[in-house]
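**Student:** Quick one: this structure, given as structure tokens, is what I'll be asking you about.
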Amino acid sequence: MAMTERPAALADHPLAPLTLEEVREAVGIVREERDLGPRHRFAGLTLNEPPKEDVLAFEDGDAFEREAFAVILDGNDGSTYEAVISLTQGAVTSWTHVPNVQPPIVLEEFDECEAACKESPEFQEALRKRGIEDMDRVLVDPWSAGSYGDEEGRRLSRALTWVYVEDDHNAYAHPVDNLVTIVDLNEMEVVRVEDHGVVPIPLESGAYEPNGRPTRAGLKPLEITQPEGPSFEIDGHEIRWQKWSFRIGFTPREGLVLYTVGYDDGGRVRPVLYRASLSEMVVPYGDPRPGQWRKNAFDAGEYNVGALANSLELGCDCLGEIRYFDAVMVNGAGDPVQNKNAVCLHEEDAGLGWKHYDMRADTAEVRRSRRLVVSFIATVANYEYGFYWNFYQDGTIEFDGKLTGIVSTGAVGPDVKPTHGQLLNKDGLYGPIHQHFMNFRLDLDLDGRDNRIYEVHTEAVPPGDANPRGNAYLSKSTLLERESEAQHTVDAMSARHWRVESTETTNKVGEPCAYRLIPLSANVLPFFQPDSAVAGRAGFATRHFWATRFSQDERHAAGTYPNQNPGDGLPKYVEQDRPLEGEDVVVWYTLGAHHVVRLEDWPVMPVQHAGFKLEPVGFFDENPALDVPPPEGHCHHDARRA
Ligand code: CO
């Protein structure tokens, strides 16, 4: 088919996110061709990424096919379809029924589910028993139903309820415990109300807004100014900064995506990552009480965490010279939505970069470190998740997860101490113990696609001829030849990490050019039992490190459709046990944040960090930040002692 003059011609790169116009056009094409009506819901529409081969072979000015990918739920019969819509051809080129799956819960279903509950006489009665008559005071969150073998075939939520009290604007301070409302999200009607008995609703205020609260004194202005502007350059969705270059994208499922990350080494851009993004999350709660035990939200696959991204127009999420990127998506009805300022790009001073003071010559060389930060923040009902990728001048890439917002609450009644959580006030409000697991899919391409992976740890040499004085220890590397061997947990005591190296290039000592993946925060394993329902669904969380051979369609650690699914994803992918040596490998890291709730987490939680880093290890021949210029201005170059 001939290429036509469609908006596709405007995109300058195969990975450029769809524009608002392209999204509108794609929706128009599929609506018309498939005769979509008001009961069809869009559970995401995004760029259909071209095959990796095509992207890597692309050169400026080449023509390319422009496609959108949509997941569409037919509310008439609850069936799910995947559509590929060619903007180049102006046609739906693929329409596939995907049987027995549930797409993510979309934002409209939050409001509609709440309304359905409020209209239910059974729900109203359950609240009346708890002294709540006014439905305007009620907040319902559509918690995902999970898969327990007892609710097949319908699109369900096991919805949980909170109420607003006076003017604190924080319904999460007032949980209606022991009440679970099963809602059919296609029929949008209450199936059943499970009332496990009245627990008094905690009434103490959970206000976190200023509301006349006195603020502390003594903060003097701290100005961040960049009078000559930022050090980065932006060309569409391509970013260049301090030898780094990469592209960004944004999907409803994953949020921010980094593509084609490379580092300019002496005029040659060396590939590091082809694609990196969040692949899945799960938050399993540890409380067996009736209203709590099924809480284990998969925030990517069940809620489209990218579609829940904040517009960073409100507040001061970033400081300095900021450039924002909009995220273009669709709402449930399929109307294009432009989330203004969803992604923030800025650079920060990152403290000390490197230093040496020569005590004999009495001279010092000091360099500041600078980092480029690209980030977004998503609000999933009560919680906030900040996803920050930091690029450093020394070749390091860091993921810094920031967990904040309001903890998910329950109530035990006055004078009861919860067994599986922390009491937050004397009204019986508590925060159940839980864990957050994020999995990242990291398609590393170190100096090209052909890579290999080693597990690396440090061990002591047993006493004997090789260790006669008892001091000897060494770093030991083990080649991971197949997917079945590439499954590990972290081990801080042995400094375990993973090295991914090129099979093509070597450094100045003749060793392969490599990067290593290192935990940046404590990690943890899940505490659910291996035969529990959630274990089947969150199998990815039982290992911190996985590796697979590249496959374009293996993108999600808990499978493509985890909502109400008994289990899929990484544990299934690796059953193929493909060889890894000299292959295009993909590394998956599970980052666990353990959350034993504190009083200090209430009423809004101070940011907790969880992260990992990718750091060059013999990728360069020396410290790549050696050429960073000395600081200017108010710093004293001459560090002579007084
Ligand atoms: Co938490």
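The values are calculated or read from the model by the stated rules, or taken from the named source; none is laboratory data. Since this is a predicted model, take the numbers as computed values, not measurements. Here the Cβ is made from the backbone with ideal geometry for all residues, glycine too, and neighbour counts use every protein chain on show.
**Student:** For Ala126, which of the numbered conditions (1) under 20 Å from Thr251 (Cβ atoms); (2) over 30 Å from the mean Cα position of the chain (by Cα) fails to hold?
**Tutor:** (1)
**Student:** Being buried (at least 20 other Cβ atoms within 10 Å of the Cβ), away from the ligand (no atom under 14 Å from the Cβ) and part of a strand (DSSP E or B) is the filter here; which residues of segment 391-407 pass it?
**Tutor:** Answer for segment 391-407, where residues must be buried (at least 20 other Cβ atoms within 10 Å of the Cβ), away from the ligand (no atom under 14 Å from the Cβ) and part of a strand (DSSP E or B): Phe391, Tyr392, Ile397, Phe399, Asp400.
**Student:** Would you call Asp265 more than 23 Å from Tyr589 (Cα to Cα), assigned by TED's automatic domain parsing to the domain that holds His595, within 16 Å of the ligand (Cβ to nearest atom) and touching a residue at least 24 places away in the same chain (Cβ under 8 Å)?
**Tutor:** Numbers: more than 23 Å from Tyr589 (Cα to Cα): yes; assigned by TED's automatic domain parsing to the domain that holds His595: yes; within 16 Å of the ligand (Cβ to nearest atom): no; touching a residue at least 24 places away in the same chain (Cβ under 8 Å): yes.
Judged against the criteria, Asp265 is not a match.
**Student:** What's the number of the condition Ala70 fails, among (1) touching a helix residue (DSSP H, G or I) at 6+ places or on another chain (Cβ under 9 Å); (2) assigned to a loop (DSSP other than H, G, I, E, B); (3) not hydroxyl-bearing (Ser, Thr, Tyr)?
**Tutor:** Exception for Ala70: condition (2).
**Student:** Next question. How many of the residues making up segment 599-636 are within 16 Å of the ligand (Cβ to nearest atom) and not in a strand (DSSP E or B)? Reasoning before the result, please.
**Tutor:** So in segment 599-636, the residues within 16 Å of the ligand (Cβ to nearest atom) come out as 599-611.
Still in the running and not in a strand (DSSP E or B): 599-604.
Adding up the residues that qualify gives 6.
**Student:** A further question on this structure: Tell me, yes or no, whether segment 247-259 has at least one residue that is surrounded by 19 or more Cβ atoms within 10 Å (Cβ to Cβ), more than 30 Å from Tyr430 (Cα to Cα) and small (Gly, Ala, Ser).
**Tutor:** yes
**Student:** State which residue is modelled with the lowest pLDDT when the search covers only segment 306-321 and only residues that are of a type in the set (A, V, I, L, M) and surrounded by 17 or more Cβ atoms within 10 Å (Cβ to Cβ). Before you say what the answer is, go through the steps one by one.
**Tutor:** Taking segment 306-321 as the starting set, the residues that turn out to be of a type in the set (A, V, I, L, M) are 307-309, 312, 314, 319.
Checking the rest, the ones that are also surrounded by 17 or more Cβ atoms within 10 Å (Cβ to Cβ) come to 307-309, 312.
Numbers: Ala307: 97, Leu308: 97, Ala309: 97, Leu312: 90.
Among residues in segment 306-321 that are of a type in the set (A, V, I, L, M) and surrounded by 17 or more Cβ atoms within 10 Å (Cβ to Cβ), the one modelled with the lowest pLDDT is Leu312.
**Student:** Does Ala83 satisfy the criteria of being of a type in the set (Gly, Ala, Ser) and more than 23 Å from Gln564 (Cα to Cα)? First the steps, then the outcome.
**Tutor:** Numbers: of a type in the set (Gly, Ala, Ser): yes; more than 23 Å from Gln564 (Cα to Cα): no.
In short, no.
**Student:** Given (1) part of a loop (DSSP other than H, G, I, E, B); (2) closer than 27 Å to Gly301 by Cβ, where does Ala541 come up short, assuming only one miss?
**Tutor:** It fails just one condition, (1).
**Student:** Hey, among Ala68, Ala83, Ala11, which residue is crowded, with 18+ Cβ neighbours inside 10 Å, at pLDDT below 95 and of a type outside the set (Val, Ile, Thr)?
**Tutor:** Working: Ala68 fails: at pLDDT below 95; Ala83 fails: at pLDDT below 95.
Exactly one of Ala68, Ala83, Ala11 is crowded, with 18+ Cβ neighbours inside 10 Å, at pLDDT below 95 and of a type outside the set (Val, Ile, Thr), namely Ala11.
**Student:** Another question, if that's okay. If you take just the strands (runs of 3 or more DSSP E) that sit entirely in segment 149-234, which of them hold at least 2 residues that are of a type in the set (D, E, K, R)? Quick ask: steps written out before the conclusion?
**Tutor:** Values: elements: 156-163, 175-184, 189-195.
Ranges flagged: 175-184, 189-195.
**Student:** Using the structure shown, decide if Asn382 is within 16 Å of the ligand (Cβ to nearest atom) and at pLDDT 95 or above.
**Tutor:** yes
**Student:** Still on this structure, please answer the following. Do you know which of the residues in segment 408-434 that are among the aliphatic types (A, V, I, L, M) and touching a Leu at 6+ places or on another chain (Cβ under 8 Å) is surrounded by the fewest Cβ atoms within 10 Å (Cβ to Cβ)? Talk me through it step by step, then tell me what you get.
**Tutor:** Quick first cut of segment 408-434, residues among the aliphatic types (A, V, I, L, M) only: 411-412, 416, 423-424, 429, 433.
So of that shortlist, the ones also touching a Leu at 6+ places or on another chain (Cβ under 8 Å) come out as 411-412, 423-424, 429.
Details: Ala411: 25, Val412: 24, Leu423: 16, Leu424: 25, Leu429: 27.
Filtering first and then ranking leaves Leu423.
**Student:** The conditions are (1) at negative phi; (2) more than 16 Å from the ligand (Cβ to nearest atom); (3) assigned to a loop (DSSP other than H, G, I, E, B); (4) not aromatic (Phe, Trp, Tyr), and Pro571 fails exactly one of them. Which is it?
**Tutor:** Every condition holds for Pro571 apart from (3).
**Student:** In segment 322-341, which residue that is more than 22 Å from Ile29 (Cα to Cα) and in contact with a Ser or Thr (Cβ under 8 Å, 6 or more places away or on another chain) is surrounded by the fewest Cβ atoms within 10 Å (Cβ to Cβ)? Talk me through it step by step, then tell me what you get.
**Tutor:** First, the residues of segment 322-341 that are more than 22 Å from Ile29 (Cα to Cα): 322-326, 339-341.
Still in the list and also in contact with a Ser or Thr (Cβ under 8 Å, 6 or more places away or on another chain): 339-341.
Values: Asn339: 21, Lys340: 11, Asn341: 20.
Residue satisfying both the conditions and the ranking: Lys340.
**Student:** Given the criteria closer than 23 Å to Arg253 by Cα and aromatic (Phe, Trp, Tyr), does Trp162 qualify?
**Tutor:** Numbers: closer than 23 Å to Arg253 by Cα: no; aromatic (Phe, Trp, Tyr): yes.
No, not satisfied.
**Student:** Another question, then. Any residue at all in segment 414-434 that is within 27 Å of His556 (Cβ to Cβ), within 20 Å of the chain's Cα centre (by Cα) and either within 15 Å of the ligand (Cβ to nearest atom) or outside any strand (DSSP E or B) (or both)? Show your work before the answer.
**Tutor:** In the first step, residues of segment 414-434 are kept if they are within 27 Å of His556 (Cβ to Cβ); the result is 432-434.
From the residues that got through so far, the ones that are within 20 Å of the chain's Cα centre (by Cα) too are 434.
Those still in the list that are either within 15 Å of the ligand (Cβ to nearest atom) or outside any strand (DSSP E or B) (or both) too: 434.
Yes, because at least one residue in segment 414-434 is within 27 Å of His556 (Cβ to Cβ), within 20 Å of the chain's Cα centre (by Cα) and either within 15 Å of the ligand (Cβ to nearest atom) or outside any strand (DSSP E or B) (or both).
**Student:** Go through the residues of segment 436-453 one by one and say whether even a single one is buried (at least 24 other Cβ atoms within 10 Å of the Cβ) and within 16 Å of the ligand (Cβ to nearest atom).
**Tutor:** Checking segment 436-453: at least one residue is buried (at least 24 other Cβ atoms within 10 Å of the Cβ) and within 16 Å of the ligand (Cβ to nearest atom).
**Student:** Go through segment 10-59 and give me each residue that's of a type in the set (Gly, Ala, Ser) and free of Cβ contacts under 8 Å to residues at least 60 places away in the same chain. Let's see the steps before the verdict.
**Tutor:** As a first pass, look at segment 10-59 and keep what is of a type in the set (Gly, Ala, Ser): 11, 16, 26, 28, 37, 43-44, 57.
Correct list: Ala11, Gly28, Gly37, Ala57.
**Student:** From the residues in segment 585-598 that are away from the ligand (no atom under 14 Å from the Cβ) and among the aliphatic types (A, V, I, L, M), which one is nearest to the chain's Cα centre (by Cα)? If you could, list the steps in order and put the result at the bottom.
**Tutor:** In the first step, residues of segment 585-598 are kept if they are away from the ligand (no atom under 14 Å from the Cβ); the result is 585-590.
Cutting the leftovers down to among the aliphatic types (A, V, I, L, M) gives us 585-587.
On the way: Val585: 21, Val586: 17, Val587: 15 Å.
Only one residue tops the list, namely Val587.
**Student:** When you scan segment 15-41, how many residues do you find that are in contact with a helix residue (DSSP H, G or I) (Cβ under 8 Å, 6 or more places away or on another chain), in a loop (DSSP other than H, G, I, E, B) and under 14 Å from Gly75 (Cβ atoms)?
**Tutor:** 1
Here is a yes/no grid of residues against (1) under 14 Å from Gly291 (Cα atoms); (2) buried (at least 16 other Cβ atoms within 10 Å of the Cβ):
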residue: Asp136; (1), (2): no, no
residue: Asp150; (1), (2): no, no
residue: Asp167; (1), (2): no, no
residue: Ala171; (1), (2): no, yes
residue: Val180; (1), (2): yes, yes
residue: Leu185; (1), (2): no, yes
residue: His196; (1), (2): yes, no
